[in-house]
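Everything below concerns the one structure shown next.
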Amino acid sequence: MSLQTLENVVGQFGQLFQFNANSLSEGLIVIGFSILLLALVIGITYGIMKAIKEVPNMPFRQFVTIVLVVAVFMVIVGVLLP
């Protein structure tokens with residue numbers, strides 16, 4: 001199936017449901033970005049949970065280093081936001 005055939009088929013269905021191919025492609029792009037964002041949030045959440053489980057077993061010096069890195073990151077984000 002060529003892209004022209006696919007465009008014709010989508011166009012025919014688009015006339016039935018009153019939408020055009022441009023809005024369909026934009027919708028697919030939004031859905032794709034939503035899936036990527038969801039995967040990113042799940043990955044970050046997983047990383048945070050792994051880090052929380054490691055805190056009780058962590059030496060004091062490593063814990064302080066991580067706290068300082070998080071603090072510096074928050075300061076940088078706070079400076080860049082306004």
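Computed values, structure above
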| item | result |
| --- | --- |
| Potential extension, SER2-PHE60 segment - 0.36 nm per residue separation minus Cα distance | 14.7 nm |
| Difference of contour (0.36 nm per residue) and Cα-Cα distance, VAL9 to ILE48 | 9.5 nm |
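Values quoted throughout were computed directly from the atomic coordinates according to the rules given, and no laboratory measurement underlies them. Owing to the predicted nature of the structure, the values given are computational and were not obtained by experimental measurement.
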